[in-house]
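**Student:** The structure is given below, and queries will be raised subsequently.
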Amino acid sequence: MFGVPNIFPINRTKHCSLLVNKFFRWTNYKTNNVSPDATHNRACHHATFGQPVHSTHPHLIGPGEVLTGISLKEVKRRRQTFLHALRDYAARQIGAATNHIVIIPSANKKYMSHKIPYVFRQNTDFLYLSGCQEPDSVLVLEVDTNNNCKNTIFVRPKDKTAEMWDGPRTGVQFAQDVFGVEESYDINCLKDYLTKYGFANPNSIYWYDERASDLTDVSKMVRDVTNNQTKSPIELIQSLRLIKSESECVLMRKTCEIASKAINTTLENSFPGISEHEIYANVDYYTRINGANFLAYPPVVAGGSNATIIHYINNNQIVKGGELILMDAGCEYHGYTSDITRTWPVDGKFSDAHRVLYEVLLQVQQELLDCLQCQGGETLDQLFDTMCSKIGKYLQEIKLIPASLSALELSRAAYKFCPHHVSHYLGMDVHDTPLISRNIRLCPGMVCTVEPGIYIPTHKLDVPREFRGVGLRIEDDVLIKPGKEIEILTKECVKDTTLIEDLVSCKTRGSLS
């Protein structure tokens with residue numbers, strides 16, 4: 001079908017085991033009427049894999065799943081949908097029918113020092129389409145002029161010495177079945193495969209984005225084979241990732257639930273004199289103990305005037321009585337992330353000035369949530385414009401912005417108090433699908449944040465002293481649903497002033513008694 005049959009030399013040891021295994025499975029079926037899959041299942045009983053599978057981790061991976069909460073059928077359906085979308089896109093843009101080959105690399109291991117790796121996190125575009133959590137792998141997807149599709153994965157071969165140090169690998173032998181692809185090969189065979197494909201299909205289009213790849217060896221192979229004539233598939237992949245399936249929505253609800261409860265507990269355990277570092281440690285602990293894999297990003301834990309630094313992550317100061325804490329934190333739960341910000345008084349009681357600003361911000365956020373998918377909130381960029389006008393209006397009412405401003409001047413004045421966008425897409429990454437415009441209409445299945453803020457630095461002398469050195473942000477995660485409805489996935493995370501004060505004061509009162 002694709003003009004690349006039997007392309008690998010059989011005299012190489014690493015391929016012999018694959019061919020022998022396939023031959024054994026087939027002859028066993030022919031002579032004993034035992035299906036290849038049954039033989040595979042028995043062989044898998046004592047096998048090791050490079051990631052959790054149902055036979056080794058039934059507490060994490062259900063029957064038929066390739067990732068926690070995601071079935072192999074769903075991943076295979078994603079690949080089929082992507083290839084059809086790519087074919088249709090190319091037909092519109094290029095016109096002539098042709099063959100397409102898409103090369104999607106995994107992430108690689110990264111090291112903090114010699115031989116000491118960081119926690120591995122997979123390339124999310126690769127993970128979305130492959131279900132594979134292993135480094136140094138490549139997914140190759142093909143579609144021809146007759147709409148025939150083929151999926152091939154290239155992985156690290158089994159290696160007893162390497163696995164003794166770094167853990168098991170799925171290997172070529174089991175990759176085909178674990179990841180639901182037609183073929184699986186040693187990663188070292190990728191260049192041969194691409195070269196043979198190019199000879200058999202000389203007018204094909206190659207899709208690969210070197211800028212999005214960690215695998216420099218793979219990038220060199222692709223450059224050599226294609227003479228740098230490639231197109232990026234990333235925006236097309238992200239356009240599919242933008243709309244969450246029901247399985248993905250379940251995982252999004254769970255990651256938001258874990259983070260919400262962890263933040264509530266962190267609020268409850270804060271007190272005057274606590275360090276930002278301890279608050280960080282608390283939210284990290286309470287997310288992990290409730291099932292999260294790790295924090296989704298380095299959290300912002302900012303006491304007092306540190307909260308006016310939007311990306312403050314030093315988290316090394318003591319929070320004094322009378323100060324607010326702004327914490328922006330979320331967790332990753334089996335590949336899906338949450339992103340929440342809450343602001344609260346460390347001693348459990350808002351000062352008059354802090355309460356005024358907080359209630360203004362809470363009102364703005366509620367009105368933004370109410371207008372999602374409606375006028376002023378049909379796109380995320382519209383929502384940003386709406387935020388600026390609302391912040392400007394309410395800050396005028398408390399006399400922090402002059403009353404005699406035009407609508408445009410008012411929005412510009414408000415932007416100085418909140419110089420960041422009000423929303424971004426959320427999913428497998430915190431700033432998910434970044435190539436997708438924030439100026440497209442919201443539709444069911446999208447998940448986004450709503451996060452207005454007010455930041456008044458200490459040097460802003462044109463506002464009363466009691467408002468200076470204060471930063472506030474309130475951020476929730478929202479699932480867009482049909483019928484202009486929304487589901488606030490982080491609704492369990494407290495943000496009402498009374499609930500916050502009750503939660504924090506309970507601990508503070510206990511520490512004083």
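**Student:** So for the chain, Kirkwood radius off the Cα pairs, Stokes-Einstein at 10 °C and 1.306 mPa s: how many µm² s⁻¹?
**Tutor:** On the way: Rh = 25.5 Å.
My calculation gives 62 µm²/s for D.
**Student:** Please state the charge dipole magnitude for the chain, taken about the Cα centre, from unit charges on C-beta atoms (+1 on K and R, -1 on D and E), reported in debye and rounded to the nearest 20.
**Tutor:** With only Lys, Arg, Asp and Glu charged at Cβ, the dipole is about 1200 debye.
**Student:** In the chain, which longest range has no GluC sites (Glu not before Pro) that are both DSSP loop (not H, G, I, E or B) and surrounded by at most 15 other Cβ atoms within 10 Å?
**Tutor:** Working: sites that count: Glu182, Glu485, Glu492.
Longest run free of exposed loop sites: 183-484.
**Student:** Describe numerically, in nm with one decimal, the distance between label points set 7 Å from Cα along Cα→Cβ at Ala407 and at Arg121.
**Tutor:** It is 4.0 nm.
**Student:** Follow-up. Find, to one decimal place in angstroms, the Kirkwood hydrodynamic radius of the stretch 444-513, where the mean of 1/r is taken over every pair of different Cα atoms and then inverted. Walk me through the numbers on the way to the answer.
**Tutor:** Details: mean 1/r = 0.0653 Å⁻¹.
Hydrodynamic radius (Kirkwood, Cα only) of the stretch 444-513 equals 15.3 Å.
**Student:** Right, here's the next one. What's the center-to-center distance, using Cα atoms, between the stretch 290-367 and the stretch 375-394 in Å?
**Tutor:** Between the Cα centres of the stretch 290-367 and the stretch 375-394 lies a distance of 22 Å.
**Student:** Under a 1.4 angstrom probe, counting protein chains only, how are Leu435, Leu67 ranked by accessible area, largest first? All intermediate terms of the calculation are to be shown ahead of the outcome.
**Tutor:** Details: Leu435 90, Leu67 20 Å².
If we order Leu435, Leu67 from most to least accessible, we get Leu435, Leu67.
**Student:** In addition: May I ask for the net charge around Lys491, where only other residues with Cβ less than 10 Å from the Cβ of Lys491 are counted and Lys, Arg are +1 while Asp, Glu are -1?
**Tutor:** Values: positive: Lys495; negative: Glu257, Asp476, Asp477, Glu487, Glu492.
Net charge in that neighbourhood comes out at -4.
**Student:** Still on this structure, I have one more. Please compute the per residue accessible area over the chain with all protein chains in place, 1.4 Å probe, rounded to a whole number of Å².
**Tutor:** On the way: 23700 Å² over 513 residues.
In whole numbers, the chain has 46 Å² accessible per residue.
**Student:** Same structure again: Please report how far the C-alpha centroid of the stretch 209-239 lies from that of the stretch 434-513, rounded to the nearest whole angstrom.
**Tutor:** 38
**Student:** Given the pairs Lys393/Lys481; Lys244/Lys491; Lys73/Lys191, which span a C-alpha to C-alpha distance of over 24 angstrom in this model? Don't skip to the answer; put the middle values down first.
**Tutor:** On the way: Lys393/Lys481 29 Å; Lys244/Lys491 19 Å; Lys73/Lys191 29 Å.
Among Lys393/Lys481; Lys244/Lys491; Lys73/Lys191, the Cα-Cα distance tops 24 Å for Lys393/Lys481; Lys73/Lys191.
**Student:** Now for a different question. Using +1 at the C-beta of Lys and Arg and -1 at the C-beta of Asp and Glu, which of Ile70, Tyr285, Tyr185 has the Cα lying farthest in the positive direction of the dipole of the chain?
**Tutor:** Result: Tyr185.
**Student:** Past 21 Å, Cα to Cα: identify those pairs from Lys109/Lys150; Lys150/Lys220; Lys349/Lys495, in the order given. Could you put the intermediate results ahead of the total?
**Tutor:** On the way: Lys109/Lys150 28 Å; Lys150/Lys220 23 Å; Lys349/Lys495 14 Å.
Result: Lys109/Lys150; Lys150/Lys220 exceed 21 Å.
**Student:** Add -39500 (n - 2.57) for each DSSP H run of 4 or more in the chain, then divide by its residues: what number comes out at 222 nm, to the nearest 500 deg cm²/dmol?
**Tutor:** For the chain, the value works out to -13000 deg cm²/dmol.
**Student:** With a 1.4 Å probe and all protein chains left in place, how much of the accessible area of the stretch 204-249 comes from carbon and sulfur atoms, in whole percent?
**Tutor:** 43
**Student:** Now for a separate question. For Asn227 paired with Arg211, estimate the spin-label separation in nm (one decimal), with each label point 7 Å from Cα along the Cα-to-Cβ line.
**Tutor:** It works out to 2.4 nm between the two label points.
**Student:** Still on this structure, I have one more. Once the other residues with Cβ under 15 Å from the Cβ of Lys231 are scored (Lys, Arg +1; Asp, Glu -1), what is the net sum? Let's see the in-between values first.
**Tutor:** Details: positive: Arg87, Arg92, Arg211, Arg223; negative: Asp88, Asp125, Glu142, Asp209, Glu210, Glu235.
Residues near Lys231 contribute -2 overall.
**Student:** Taking a 1.4 Å probe, which of His431, His100, His311 shows the most accessible area, and what order do the others take after it?
**Tutor:** Numbers: His431 115, His100 5, His311 155 Å².
Highest to lowest solvent-accessible surface, that is His311, His431, His100.
**Student:** Students often forget the sequence filter, so: which aspartates and glutamates lie under 12 Å Cα-Cα from Lys231 once same-chain residues fewer than 8 apart are removed?
**Tutor:** Candidates past the 8-residue exclusion: Asp209, Glu210.
**Student:** Something else now. Select from Thr341, Leu372, Ile391 the residue farthest towards the positive end of the dipole of the stretch 300-421; place +1 on Cβ of Lys and Arg, -1 on Cβ of Asp and Glu, and compute about the Cα centre.
**Tutor:** It is Ile391, whose Cα lies furthest towards the positive end.
**Student:** Please give me the summed charge of the neighbours of Leu194: other residues whose Cβ is under 12 Å from its Cβ, Lys and Arg +1, Asp and Glu -1.
**Tutor:** Details: positive: Lys191, Lys196, Lys220, Arg223; negative: Glu142, Asp192, Asp224.
Neighbourhood net charge equals +1.
**Student:** Can you compute the FRET efficiency between Tyr415 and Cys443 using 1/(1 + (r/R0)^6), with r the Cβ-Cβ distance and R0 = 22 Å? Round to the nearest 0.05.
**Tutor:** Working: r = 28 Å, r/R0 = 1.25.
Rounded to the nearest 0.05, the efficiency is 0.20.
**Student:** Then there is this: Projecting each Cα onto the charge dipole of the chain (Lys/Arg +1, Asp/Glu -1 at the beta carbon, about the Cα centre), which of Ile310, Thr152, Ser351 comes out farthest on the positive side?
**Tutor:** Final value for the positive-end residue is Thr152.
**Student:** For the stretch 196-312, give the magnitude of the charge dipole about the Cα centre (Cβ charges: +1 Lys/Arg, -1 Asp/Glu; no others), in debye to the nearest 20. Walk me through the numbers on the way to the answer.
**Tutor:** On the way: 11 positive and 13 negative charges, 80 e Å.
It works out to roughly 380 debye.
**Student:** Taking only the alpha-carbon atoms of the stretch 252-300, what semi-axes of the equivalent ellipsoid follow from 5 times the gyration tensor eigenvalues under a square root, in whole Å, largest first?
**Tutor:** On the way: eigenvalues 75, 25, 13 Å².
Square roots of five times the eigenvalues give 19, 11, 8 Å.
**Student:** Considering only DSSP states other than H, G, I, E and B, which chymotrypsin sites (Phe, Trp or Tyr not before Pro) in the stretch 94-193 qualify as loop sites with at most 12 other Cβ atoms within 10 Å? All intermediate terms of the calculation are to be shown ahead of the outcome.
**Tutor:** Numbers: sites: Tyr111, Tyr118, Phe120, Phe126, Tyr128, Phe154, Trp165, Phe174, Phe179, Tyr185, Tyr193; in loops: Tyr118, Phe120.
Of the chymotrypsin sites (Phe, Trp or Tyr not before Pro), the ones in loops of the stretch 94-193 whose Cβ has at most 12 other Cβ atoms within 10 Å are Tyr118.
**Student:** Using the C-alpha atoms of the stretch 317-377, what convex hull volume per residue, in cubic angstrom, is computed?
**Tutor:** Working: hull volume 7.7 nm³, N = 61.
In the stretch 317-377, the Cα hull volume divided by residue count equals 127 Å³.
The values are calculated or read from the model by the stated rules, or taken from the named source; none is laboratory data. Just so it is clear, the model here is predicted, and its values are computed rather than measured. Glycine also receives a Cβ, built like all others from the backbone with ideal geometry; neighbour counts cover every protein chain displayed. Just the protein is used for accessible areas: all its heavy atoms, side chains included, with ligands, DNA and RNA removed. Shrake-Rupley method; radii C 1.70, N 1.55, O 1.52, S 1.80 Å.
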